[in-house]
Amino acid sequence: MVERINRRERNKRQAMALVLALAAATTASAAPPVAIAIRFHDDNPLAQGAALSASAQAELERAAGFPLVSQGRDGDGAFRFAFALPVDAASARAALNRVRATGAVLYADALPAADTRAKAAATGDGVPVTALIVVTRPQAKRGDVLATPARARLEAKIGTTIARQRLLAGGAQHLELDRPLSPADARSAVEKLASDPDVLHVEVDRRAHATATPSDPMFGQQWNLIDGLGGINAPAAWDIATGNSAQPVAIIDTGMLPHPDLAGRVVAGYDFISDVRFSNDGDGRDADPADPGDWVTSEESTTPGGALQACPVSNSTWHGTMVGGTLGAVANNGSGMSGVNWTSPLVNVRVMGKCGGALSDVADGIRWAAGIAVPGVPANRYPARVLNLSMAGPGACSPILQAAITEALTQGAVIVAAAGNGNDDVDNHWPANCNGVIAVAATSKNGSRAFYSSYGARIALSAPGGGIGGSIPTLRNTGTTSPDPNGYGYGQQLGSSLAAPHVAGVLSLALAFEADLGAAELRAVIESTARPFPTVSSEQCTTSMCGAGIVDAASALAALSARSPTDARPMPAPAPSPAPQPAPAPPATPAPEPVPLPISPEPVATTPPAFPVPVAGGWHAKRPEEIERLRKHAGAIGEATDAPAGRTPMSAR
C-alpha cells in the first residue's frame with residue numbers, strides 16, 4: 001500500500017516536472033505579461049495627473065531602458081504601461097529593477113495578462129461565508145455606519161440580517177452576518193449587492209491560511225543559512241550587519257509564543273482577530289497577541305451551518321512562532337537555533353486563528369504594523385519597516401487589501417509574502433499577487449523549486465523552504481491544542497511560509513545598514529544580487545517561474561557597502577517652485593530624548609559578535625581560536641564600539 005502511494009506520488013511529480021519543463025521551454029523567450037504597473041509616491045509631482053506628461057514618460061523610459069505605451073491609471077493610483085517592443089522575461093525584470101532603483105516609485109510590478117479585479121468578488125475556498133466587506137457611497141452612510149434604510153436594503157439582498165457592523169481602516173464597512181452563508185448563497189448575495197447603485201465594491205471576507213507543512217520532527221543543521229548552493233549565505237552578511245534595535249520587524253501571523261529562543265526579541269503587538277468564532281481566545285480584538293492555538297476538530301469541520309464547516313481538521317500549528325524564529329531566533333545563547341536577524345525587535349501582529357485569517361483582519365493588521373491608525377485600536381508604538389506575511393488565500397488581490405498595502409508602502413514599509421504551497425501560479429493567491437509585495441517562492445537544499453511551491457511571473461525571488469535534501473529547522477511546541485508550557489523545543493518544517501522570513505530577514509539587515517532605502521529600492525537590491533539558480537535534474541527553477549534567483553544575504557549587504565553615499569539616482573522629481581521666505585523661527589528648545597524600545601539592552605561589544613556555527617547537537621558560539629581571528633580582524637578595521645547602532649565598523653565607513 002505504501003509503495004503504491006509512493007509510486008503514485010512519483011508519477012504525479014514526474015508529470016508536473018514535464019509540464020513545467022515544457023512551460024519553461026515555451027515561455028523562456030516569450031514576451032512578459034502585457035502590462036506593468038508603476039506607482040509613484042503621492043508627493044511626487046509626476047503622480048498628480050491622469051497620465052504622465054511626455055517629458056515624464058521620456059524620463060521613465062530612460063530609466064527602464066525601453067519604450068512604453070501608456071494604458072491609463074488604475075484604482076490604486078498606479079500608471080499602467082505595456083512594453084512597446086517584444087521584451088523577454090529577464091529583460092523585463094531588469095527594466096523594472098532599474099525603475100525601482102530610482103527611488104521615485106512605491107512599486108513597479110509586472111501584471112498578469114488578465115485583469116481579474118472587479119466591482120464584486122465572491123471567490124472563496126469553499127468554506128461558509130461569515131462576513132462581507134462593502135464600500136458604499138457617502139450618502140448611504142450616516143457617519144461611520146450604514147444608514148438604516150441602506151442597511152435594510154442590503155440585508156434584503158443578502159438574505160440574512162447583519163449582526164455587527166465595523167468600520168475598517170480605509171473606509172470600507174465590515175458586515176458580520178448573523179448566520180454563515182454557503183458559498184453559493186454568498187455568491188448570489190454578492191451579485192445582488194453589486195447591482196445596488198449605492199454599493200461601489202463588495203466581496204466576501206475571504207480567509208488566508210498558514211503555508212508551512214510538517215516534516216520529520218528532527219533537529220538538523222541550518223543549511224538554509226549557510227549552504228552555498230541552496231542557503232542564503234548569511235554568515236558573511238553578519239560581518240556587515242546583524243540588525244538594528246530601532247527598526248522593528250512585524251510578524252503578521254497566528255501570534256507568537258514565549259519560546260526561550262525568542263526571549264527578549266518580541267515587543268508589544270496586537271490581536272486583530274475580530275470574530276470570536278475564529279479567535280479561540282474567548283474575545284475579539286485585544287492587546288494580547290499570544291497564540292492560544294488554532295486547532296480545528298472533526299466535529300467543528302463537519303457541523304452543518306457552523307462557522308468552521310469545511311475548515312481543514314488539524315492540530316495547532318504554532319505557525320507564527322516558527323516564522324518568528326526563522327527570522328529572529330536568539331543567536332549566541334549556547335543552544336537552539338539562530339535567526340536571520342539577531343537584533344531587530346519582532347512586533348507580534350495576530351491575524352490568523354482557527355481556519356486561517358480574514359482578509360479584513362489582515363488588511364487592518366498590515367496598516368497597524370506599519371504605524372497607520374486603525375479605528376478602535378491603540379496606536380502602534382513600534383511601527384515596522386519590514387512586514388512578513390507567511391500566508392496565502394485563494395483568489396485575486398482585493399482592492400481593500402491593495403489599498404492597505406499601498407498605504408503601508410507610503411509609510412516606508414516593505415512587505416514580503418509567501419508564494420503559497422499550491423504548486424500553481426502565484427497569481428491565484430493573495431497577498432502575494434498584490435502590487436508592491438515581494439512574493440517569495442520556496443526552494444530546496446539543492447536549489448531546485450520546492451515541489452509544493454507556487455510559481456509564476458509575480459515571484460520576485462526564492463529562498464529556502466525545504467524539500468529535496470532537507471527541511472528547515474524551526475521552533476516548536478508539543479501542544480496539540482493549547483500550548484504546553486513545558487513543550488518548547490525544535491522541529492523541522494517545509495513551506496513557502498519559511499521562505500518568506502528568510503527574505504524579510506535579509507531586507508531587515510539591509511535596512512540596518514542603510515535605513516533610508518525605500519521598498520522599491522530594497523527590492524531592486526535583493527533581486528539584482530540574487531544567486532542564479534543551479535542546474536538540477538528535476539524541479540528546475542527559471543527566472544520566469546521562481547524570480548530573479550535565490551536570495552543571497554552576503555551579496556546584498558556587500559552591494560550596499562560598496563555603494564557610494566553620493567551615488568546619483570536617475571529620474572529625479574521635477575524641482576518645486578520657489579517657496580516663500582519663512583518667518584524668523586523662535587529660539588529652538590532642546591528636543592526630548594528618544595524613548596528606547598522596551599527590549600533588553602545590547603551589550604557593549606569590543607569585538608564583532610561571534611556568529612553561530614553548526615555542530616553536532618545544535619548551534620553554539622564560535623570556537624576560541626575563531627573568536628581570536630575575529631578579534632584580530634576587528635583591530636584591522638576599527639573598534640566595534642565606534643560604529644552606530646545596528647552597524648559594524650565596516651558599514652559605518
For segment 524-531, indicate whether the set of residues that are charged (D, E, K, R) and assigned to a helix (DSSP H, G or I) is non-empty. yes
Exactly one of (1) of a type outside the set (D, E, K, R); (2) under 15 Å from the mean Cα position of the chain (by Cα); (3) surrounded by fewer than 21 Cβ atoms within 10 Å (Cβ to Cβ) is unmet by PRO534. Its number? (2)
Select from segment 26-43 the residues that are surrounded by fewer than 16 Cβ atoms within 10 Å (Cβ to Cβ) and of a type in the set (S, T, N, Q) and write down the one among them that is modelled with the lowest pLDDT. THR26
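When you check ALA432 against the structure, is it in a loop (DSSP other than H, G, I, E, B) and of a type in the set (A, V, I, L, M, F, W, C), yes or no? It would help to see each step written out before you state the result.
On the way: in a loop (DSSP other than H, G, I, E, B): yes; of a type in the set (A, V, I, L, M, F, W, C): yes.
Considered against the rule, which asks whether it is in a loop (DSSP other than H, G, I, E, B) and of a type in the set (A, V, I, L, M, F, W, C), ALA432 comes out as yes.
Condition check ((1) more than 17 Å from the chain's Cα centre (by Cα); (2) surrounded by fewer than 24 Cβ atoms within 10 Å (Cβ to Cβ); (3) of a type in the set (Gly, Ala, Ser)) across all residues:
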residue: TYR382; (1), (2), (3): yes, yes, no
residue: GLN411; (1), (2), (3): no, yes, no
residue: HIS429; (1), (2), (3): no, no, no
residue: ALA439; (1), (2), (3): no, no, yes
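Give the residues of segment 290-314 that are surrounded by 14 or more Cβ atoms within 10 Å (Cβ to Cβ), at negative phi and over 22 Å from the mean Cα position of the chain (by Cα), sorted by residue number.
As a first pass, look at segment 290-314 and keep what is surrounded by 14 or more Cβ atoms within 10 Å (Cβ to Cβ): 290-297, 300-301, 306-311, 314.
The next check asks that each one be at negative phi; those that pass are 290-292, 294-297, 300-301, 306-309, 311, 314.
Those that are surrounded by 14 or more Cβ atoms within 10 Å (Cβ to Cβ), at negative phi and over 22 Å from the mean Cα position of the chain (by Cα): PRO292, TRP295, VAL296, THR297, GLU300, SER301, GLY306, ALA307, LEU308, GLN309, CYS311, SER314.
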Going through segment 86-115 one residue at a time, which ones are out of contact with any Asp or Glu (no Cβ under 8 Å at 6 or more places or on another chain) and assigned to a helix (DSSP H, G or I)? ALA89, ALA90, SER91, ALA92, ALA94, ALA95, ARG98, VAL99
Those residues that are under 18 Å from the mean Cα position of the chain (by Cα), assigned to a loop (DSSP other than H, G, I, E, B) and not β-branched (Val, Ile, Thr), I need them from segment 537-553; list them, please. GLY547, ALA548, GLY549, ASP552
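Could you tell me how many of the residues in segment 477-492 are touching a Gly at 6+ places or on another chain (Cβ under 8 Å) and either closer than 17 Å to ASP227 by Cβ or at pLDDT 95 or above (or both)? Full working, then the answer.
Going residue by residue through segment 477-492, those that are touching a Gly at 6+ places or on another chain (Cβ under 8 Å) are 477-479, 481-483, 487, 490, 492.
Right, trim to either closer than 17 Å to ASP227 by Cβ or at pLDDT 95 or above (or both) and you get 477-479, 481-483, 487, 492.
The qualifying residues number 8.
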Counting only residues that are crowded, with 20+ Cβ neighbours inside 10 Å and part of a loop (DSSP other than H, G, I, E, B), segment 45-75 contains a total of 1
Across (1) assigned to a loop (DSSP other than H, G, I, E, B); (2) surrounded by fewer than 24 Cβ atoms within 10 Å (Cβ to Cβ); (3) among the aliphatic types (A, V, I, L, M), ALA403 clears everything bar (1)
Every pair of residues 6+ apart whose Cβ atoms lie under 8 Å, when the first sits in segment 150-173 and is at positive phi while the second is among the polar types (S, T, N, Q) and in a helix (DSSP H, G or I): GLY159/SER188
May I ask you to say which residue of SER398, SER344 is more than 14 Å from PRO248 (Cα to Cα) and in the same structural domain as ARG265 (by TED's automatic domain parsing)? SER398
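Going by the structure shown, is ALA287 in contact (Cβ under 8 Å) with a residue 60 or more places away in the chain, surrounded by fewer than 15 Cβ atoms within 10 Å (Cβ to Cβ) and among the hydrophobic types (A, V, I, L, M, F, W, C)?
The answer is yes for ALA287.
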Go through (1) in a loop (DSSP other than H, G, I, E, B); (2) under 25 Å from GLY328 (Cα atoms) and name the single condition ALA396 misses. (2)
Restricting the search to segment 459-505, which residues are under 17 Å from THR321 (Cβ atoms), in contact with a helix residue (DSSP H, G or I) (Cβ under 9 Å, 6 or more places away or on another chain) and among the β-branched types (Val, Ile, Thr)? ILE472, THR474
Could you please tell me which pairs satisfy a Cβ distance under 6 Å, a separation of 6+ or placement on different chains, a first residue in segment 376-393 that is under 26 Å from SER496 (Cβ atoms) and touching a residue at least 40 places away in the same chain (Cβ under 8 Å), and a second residue that is charged (D, E, K, R) and part of a loop (DSSP other than H, G, I, E, B)? GLY393/ARG206
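Residue-wise test of (1) modelled with pLDDT under 95; (2) out of contact with any helix residue (DSSP H, G or I) (no Cβ under 9 Å at 6 or more places or on another chain); (3) not polar (S, T, N, Q).
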| site | (1), (2), (3) |
| --- | --- |
| ALA54 | yes, yes, yes |
| GLN57 | yes, yes, no |
| TYR107 | no, no, yes |
| PRO112 | yes, no, yes |
Scanning segment 335-365 for residues that are in a loop (DSSP other than H, G, I, E, B) and farther than 21 Å from ALA237 by Cα, the one farthest from the chain's Cα centre (by Cα) turns out to be SER335
Could you count how many residues in segment 314-330 are assigned to a loop (DSSP other than H, G, I, E, B) and either at pLDDT 95 or above or out of contact with any strand residue (DSSP E or B) (no Cβ under 8 Å at 6 or more places or on another chain) (or both)? 5
Any residue in segment 61-87 that is more than 23 Å from ILE400 (Cα to Cα) and not assigned by TED's automatic domain parsing to the domain that holds GLY49 sitting within a Cβ distance under 8 Å of a residue that is at pLDDT below 95 and of a type in the set (Asp, Glu)? List the pairs, counting only those 6 or more apart or interchain. none
Taking the options ASN423, ASN446, ASN486, name whichever one is without any contact (Cβ under 8 Å) to a residue 40 or more places away in the chain, surrounded by fewer than 24 Cβ atoms within 10 Å (Cβ to Cβ) and of a type outside the set (Ser, Thr, Tyr). ASN486
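The values are calculated or read from the model by the stated rules, or taken from the named source; none is laboratory data. Just so it is clear, the model here is predicted, and its values are computed rather than measured. For neighbour counting, all protein chains shown are included, and Cβ atoms are generated from backbone atoms with ideal geometry for every residue, glycine included.
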